[in-house]
Amino acid sequence: MGKKKEFGEGILYTVTNYIYWLLLTNCYFWMANILLLLAVLTLKPTVSNLALYFLALIPTGPAFSALCYAMEKLVREKSLSPTADFFRGYRVNLKDTMRMWLPMLAILFILVVDIHYYNSEPSTANQMLGAVLSVILLLFVVGSLYAFPINAKFKFRVRDVYRLSVYYSFKKRRATIGNAAIIFITLFVMSVTVDLIILFLASPVGFLLMWNSQEVMHDVKLNFIKRHEMEGHTT
């Protein structure tokens, strides 16, 4: 007969804990990101509302960084203190995240406006430019998915976070493609279901992104971080 499992070792207990952790961090993410939630639920995604979306997205950077911090710990340690870990990740990374996120948000805004302009003009040259900018936008978004976990876990200058994001986007192509697939599937699910589905996706998507990016995080630690330079960004 197999050894009887102690309380807290069974699969049901583990699954229940993961559900609890994901639900709670999901709630905290939207609490910290309430402006975007209101924008998504009340505003149509049109160019006329783009400035409002820009303002609503300002708190998204710190909220997503905190989510990455918590989900990376969950992936690495298979355990989480949702309240303490999420808000610690939010607090310790807030200034660095805003310095990183605001330029990224401005670039996103410019690219979206330019893509809309070129696509709205019915000429071959404009359509080609719109297609090129769309590819640039896709690459920018996928590359940015490395910036947040690197910034959340390690202490780098902002420009070095950008450089590392670009570097790993090409070096770890399998992980990059995996992140792109996660985002594509998420957008597809959102497009074929009700709008409120977005309320339940943040933590599961964050967990998948961090799970898929573990090789990158390990490589950063191995090749770019010295132990005495890790300033409390790891737990």
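The values are calculated or read from the model by the stated rules, or taken from the named source; none is laboratory data. Treat the numbers as computed from the prediction; the structure is a model and nothing was measured. Quick reminder, even Gly has a Cβ in these numbers, built from the backbone with ideal geometry, and neighbours come from all protein chains shown. For the accessible areas, the whole protein counts, side chains as well, though only heavy atoms, and no ligand, DNA or RNA atoms are used. Shrake-Rupley method; radii C 1.70, N 1.55, O 1.52, S 1.80 Å.
Data table
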read-out: Residue within segment 143-153 that is over 26 Å from residue 99 (Cβ atoms), at pLDDT 90 or above and out of contact with any strand residue (DSSP E or B) (no Cβ under 7 Å at 6 or more places or on another chain) present; value: no
read-out: Test: residue in segment 146-161 that is touching a Ser or Thr at 6+ places or on another chain (Cβ under 8 Å) and of a type in the set (D, E, K, R); value: yes
read-out: Positions within segment 112-128 being open to solvent by less than 80 Å² (accessible area, probe 1.4 Å) and farther than 15 Å from residue 57 by Cα, in sequence order; value: 113, 114, 115, 118, 120, 121, 123, 125, 126
read-out: Residue in segment 43-50 that is at pLDDT 90 or above, among the aliphatic types (A, V, I, L, M) and within 22 Å of the chain's Cα centre (by Cα) present; value: no
read-out: Selection within segment 61-82 - among the hydrophobic types (A, V, I, L, M, F, W, C) and either open to solvent by 30 Å² or more (accessible area, probe 1.4 Å) or touching a strand residue (DSSP E or B) at 6+ places or on another chain (Cβ under 8 Å) (or both); value: 64
read-out: For residue 44: the one exception among (1) under 21 Å from residue 140 (Cβ atoms); (2) not in a helix (DSSP H, G or I); value: (1)
read-out: Single condition residue 211 does not satisfy, out of (1) within 14 Å of the chain's Cα centre (by Cα); (2) without any contact (Cβ under 8 Å) to a residue 12 or more places away in the chain; (3) open to solvent by 50 Å² or more (accessible area, probe 1.4 Å); value: (2)
read-out: Helices (runs of 4 or more DSSP H) contained in segment 166-230 and holding at least 2 residues of a type in the set (Phe, Trp, Tyr); value: 173-192, 202-212
read-out: Output for segment 129-149, where each listed residue is of a type in the set (S, T, N, Q) and either open to solvent by 40 Å² or more (accessible area, probe 1.4 Å) or not in a helix (DSSP H, G or I) (or both); value: 134
read-out: Selection status of residue 170, among the hydrophobic types (A, V, I, L, M, F, W, C) and modelled with pLDDT under 90; value: no
read-out: Pairs where the first residue, in segment 116-134, is more than 18 Å from residue 45 (Cα to Cα) and of a type in the set (Ser, Thr, Tyr) and the second is in a helix (DSSP H, G or I) and open to solvent by 80 Å² or more (accessible area, probe 1.4 Å), C-beta under 6 Å, 6+ apart; value: none
read-out: Number of the condition not met by residue 58 [criteria: (1) surrounded by fewer than 20 Cβ atoms within 10 Å (Cβ to Cβ); (2) in a helix (DSSP H, G or I)]; value: (2)
